[in-house]
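*Asks:* Below are the structure tokens for one structure; questions will follow.
Rule-based calculations on the coordinates, nothing more; no lab input. Because the structure is a prediction, the values reported are computed rather than measured. Cβ atoms come from the backbone with ideal geometry, glycine included; neighbour counts cover every protein chain shown.
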Amino acid sequence: MKPLIVANWKCNPKSLFEAKKLFDSVAKKKTKNLTAVICPPFVYLPELKKNSLKLGAQNVFFEEKGAYTGEISPLMLKSIGCSYVIIGHSERRKHLKETEEIIGKKVNLSLKLGLKTILCIADLKQLKNSLKRIKLNENLILAYEPVFAIGTGKACSLSQAKRMRMAIKKELPKDIPVLYGGSVDSQNAGKYIKEAGFQGLLVGSASLKANEFSKILGNIDKA
Ligand code: PGA
């Protein structure tokens, strides 16, 4: 598999104009040896031009349709050309009290409906809890994101990240890709792939700066 580089824009930027500008500027960076996915807020998804960048959502609901005010289902995401979804991000676990049960339901429906599903886990306990609940298929991708490294500028050491990657792989019954996330920038991005053995990255803050994110893409593409 080519390295998978996923931009998690979180609740940014604050206007459609800025979102389009950022997206178009990143799209100028031509790459051959990786897959790049942009995960903007829901409302921007249908507005971003189709090009070599793939689109992902940052969350999804666990039912296909119905009387669930305010929710967005995996079917809706697919219908607008969104092929990836991030589920179980630590910010949602913390601020929105997303439980393992809810996360499991979201992951199962997304996998079943064919979305490439990026399940975020911060430790082995979360992984084990999820594995009990989910029906694995080839659409699952894991993202190891240690909470101390998210949005702090304190990236996880390569040795610790590598140890965790190996421990995660041991728990998995199948060969599922594992991404690293947490304070990734253009200086450390390549190392998590080359030295720590991850199959890709989940990038937050650095993905909001077109130059920095393009540099990350450039470094991985060359590696
Ligand atoms: P960060 O965020 O790169 O800003 O640390 C990563 C994430 O939350 O996915």
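*Asks:* Could you state the per residue volume, in Å³, of the convex hull enclosing the Cα atoms of segment 1-85? Intermediate values should be presented prior to the final figure.
*Replies:* Numbers: hull volume 8.2 nm³, N = 85.
It comes to 97 Å³ per residue, whole-number rounded.
*Asks:* May I ask for log10 I(q)/I(0) of segment 37-174 at q = 0.15, 0.16, 0.17, 0.19 Å⁻¹, from a Debye sum over the Cα atoms as equal point scatterers with solvent left out?
*Replies:* Ignoring solvent entirely, the Cα scatterers give -0.77, -0.87, -0.97, -1.18.
*Asks:* Which of the helices in the chain meet the span-like rule: DSSP H, Cα axial reach of 30 Å or more, Kyte-Doolittle mean at least 0.5? Let's see the in-between values first.
*Replies:* Details: long enough: none.
Within the chain not a single helix satisfies the rule.
*Asks:* Using the Karplus equation 6.51 cos²θ - 1.76 cosθ + 1.60 (θ = phi - 60°), what ³J(HN,Hα) coupling, rounded to whole Hz, does each residue of segment 31-39 give in order, writing x for Gly and Pro?
*Replies:* Karplus-based 3J(HN,Hα) across segment 31-39 equals 10, 10, 10, 8, 10, 10, 10, 9, 10 Hz.
*Asks:* What does the charge count near LEU22 come to, summing +1 for each Lys or Arg and -1 for each Asp or Glu among other residues with Cβ under 14 Å from its Cβ? Each step should come with its number before you reach the end.
*Replies:* Working: positive: LYS10, LYS14, LYS20, LYS21, LYS28, LYS29, LYS49, LYS209; negative: GLU18, ASP24, GLU47, GLU212.
So the surrounding residues net to +4.
*Asks:* In whole Å, what are the Cα extents of segment 134-218 along the three principal axes, biggest one first?
*Replies:* Projected onto the principal axes, the Cα atoms of segment 134-218 cover 38, 25, 22 Å.
*Asks:* Additional query: Please compute P(r) over all alpha-carbon pairs of segment 84-130, binned at 5 Å starting from zero, and give each bin as a whole-number percent.
*Replies:* Reading the bins upward from 0: 5, 24, 34, 25, 11, 1.
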